[in-house]
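The values are calculated or read from the model by the stated rules, or taken from the named source; none is laboratory data. This one's a predicted model, so the numbers in the text were calculated from it and none came from an experiment. Heads up, the Cβs are rebuilt from the backbone with ideal geometry, glycines too, and the neighbour counts pull from every protein chain shown.
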Amino acid sequence: MSGAAKLQQESGSFRVIARGKLNDDRIQGALDLSVSRLRGLRLDAWEQLDDLEALRERAHELRMRVVNDLEGYLAQFTQALEARGGHVHRAATPEEASAIIVRLCQERKATLVAKSKSMATEEIGLNAALEAAGITPVETDLGEYILQLDGTHPVHIIAPAIEKTKEQIAAMFTAIEGREVPAELEALTASARRQLRQVFLDADVGITGCNMAVAETGTITLVTNEGNGRLVSSLPRTHIAVMGLERLVPTLDDLSVILRLLARSATGQRLTSSTTLITGPRRAGELDGPEELHVVVIDNGRTNLLRGRYKEMLACIRCGACLNVCPIFRKTGGAAYGPVYSGPMGAVLVPLYVGLGNAPDLPHASSLCGACTEACPVKIPLHELLLDLRRDMVDEGSAPRWERWAFTAWSFAWSTPLGYRLSTRLARLGQPLGAAAGPGKVWGAGRALPQLARRRYRDRPRG
């Protein structure tokens, strides 16, 4: 399966899936409660920073510094990590990345793999590749574990199981344990701990993502709230970290800038419960840590973005803040965007990775209100990039034919004063028909459309 197919598998039509979510009162309630809470926590956390705008500017500058010299920083990171006993593997495609990881597991005769939360492993479809090779992957992040049991995909970067209720989770855990698990948070957490404890101890290989890597020192960083990342990266004899090739900062000082913004933007915390810095495998005299550390660096279309105006998307730190403020995501949820990246950042990234023709709905999954840009801690102009993608759809002919014809006719009509006057007069006469058919019917279904005035504003006498 190609990289594009992996990002699009089971995604179906955005409109069809979104319509189903909109009609599900349970999901609507879960989304409203969760994203509103995350948004409020972020705003409170940002208000505690006296130098917020300066910090965001610095974060944008340092991330773009890396993006503009990506190969140089990757070479520095590789040299630093390998000097400390680690190994770096480059993969151009999801298939290549998965093959490298499967090979590393097979060479170590691994049959059980413990995984910590990682969007990069979702992107490359790693679990399916491991299972096909006879290796059992077990997600150990609570949200990801719930979704693995349910056979579904994450719908939010930070809160992957945001659409599940505690009653649904209790039913899953009850089925596994063979005894009643109450639908209470403490009981659910204790149940998950019982189910996962032995996995940590028995796993032959631990696989994690990488929030950020430090080029200067060869350090990888794991940011978690459950501590499972530390268990996965320290108990198994082999640790494999999977990272997108853009997830770099130059120095540890630069990492501190990102960390100050990441947790605040994601969950409203000053720092997450566990921020783990790993620099190479276990050395002589150290009591814990893996005997081997492998970092698999994936491209999957990222270098293609370096040559165009969309390269700012490579500055994204995957905090999820844009999802929590987006009026579209807050109603449709994440499943409509596809199985990996959702919300405004996904609406930009997925079409860039898979091609506009394979994700034509996503650039339009935005009101262009600018809330996502305002919320982005590294100042990515998300709503402007979505608008650029819409222009590209027209240029590439990816937009529906009726839409291209409609805008061509509109452009022609308004290119002359006479055409403008005639079209605006006809608009009032044709308004009832336009609101009753085609796209106008859909747009007007939930809106009370005002009647156009008899006289244009420009034609009214000035007094």
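Details
- Pairs where the first residue, in region 219-232, is closer than 10 Å to Ala114 by Cα and touching a residue at least 40 places away in the same chain (Cβ under 8 Å) and the second is of a type in the set (Ser, Thr, Tyr) and crowded, with 24+ Cβ neighbours inside 10 Å, C-beta under 8 Å, 6+ apart: Asn228/Ser116; Asn228/Thr140; Gly229/Ser116; Gly229/Thr208; Leu231/Thr140; Val232/Ser116; Val232/Thr140; Val232/Thr208
- Residues of region 126-145 that are free of Cβ contacts under 8 Å to residues at least 40 places away in the same chain and assigned to a strand (DSSP E or B): Thr136, Glu139.
- The criterion of being among the β-branched types (Val, Ile, Thr), more than 24 Å from Ala45 (Cβ to Cβ), surrounded by fewer than 24 Cβ atoms within 10 Å (Cβ to Cβ) and outside the structural domain of Ala18 (by TED's automatic domain parsing) holds for Val354.
- Subset tally (residues that are outside any loop (DSSP other than H, G, I, E, B) and surrounded by fewer than 21 Cβ atoms within 10 Å (Cβ to Cβ)) for region 316-349: 2
- With respect to (1) out of contact with any strand residue (DSSP E or B) (no Cβ under 6 Å at 6 or more places or on another chain); (2) touching a residue at least 24 places away in the same chain (Cβ under 8 Å), the lone exception for Arg90 is condition (1).
- Only one of Ala18, Ala91, Ala30, Ala59 that is among the hydrophobic types (A, V, I, L, M, F, W, C), in the same structural domain as Gly218 (by TED's automatic domain parsing) and farther than 29 Å from Ala365 by Cα: Ala91
Quick grid of which residues meet (1) under 18 Å from the mean Cα position of the chain (by Cα); (2) in the same structural domain as Gly280 (by TED's automatic domain parsing); (3) of a type outside the set (D, E, K, R):
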| site | (1), (2), (3) |
| --- | --- |
| Ile207 | no, yes, yes |
| Gly227 | no, yes, yes |
| Arg230 | no, yes, no |
| Arg237 | no, yes, no |
| Leu248 | yes, yes, yes |
| Ser256 | no, yes, yes |
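- Residue count for region 378-410 under the criterion of being over 25 Å from Ala335 (Cβ atoms) and either assigned to a loop (DSSP other than H, G, I, E, B) or in contact with a Phe, Trp or Tyr (Cβ under 8 Å, 6 or more places away or on another chain) (or both): the result is 6.
- Region 171-280 holds strands (runs of 3 or more DSSP E) entirely within its bounds, and those carrying 1 or more residues that are at pLDDT below 95 and under 25 Å from Asn127 (Cβ atoms) map to 219-224, 274-278.
- If you go through region 78-100 and keep only what is farther than 19 Å from Thr251 by Cα, in contact with a helix residue (DSSP H, G or I) (Cβ under 6 Å, 6 or more places away or on another chain) and not small (Gly, Ala, Ser), you end up with His89, Thr93, Pro94.
- Residues of region 404-425 that are over 18 Å from Arg456 (Cα atoms) and touching a residue at least 12 places away in the same chain (Cβ under 8 Å): Phe407 alone.
- Residue in region 116-125 that is buried (at least 20 other Cβ atoms within 10 Å of the Cβ) and in a strand (DSSP E or B) present: no
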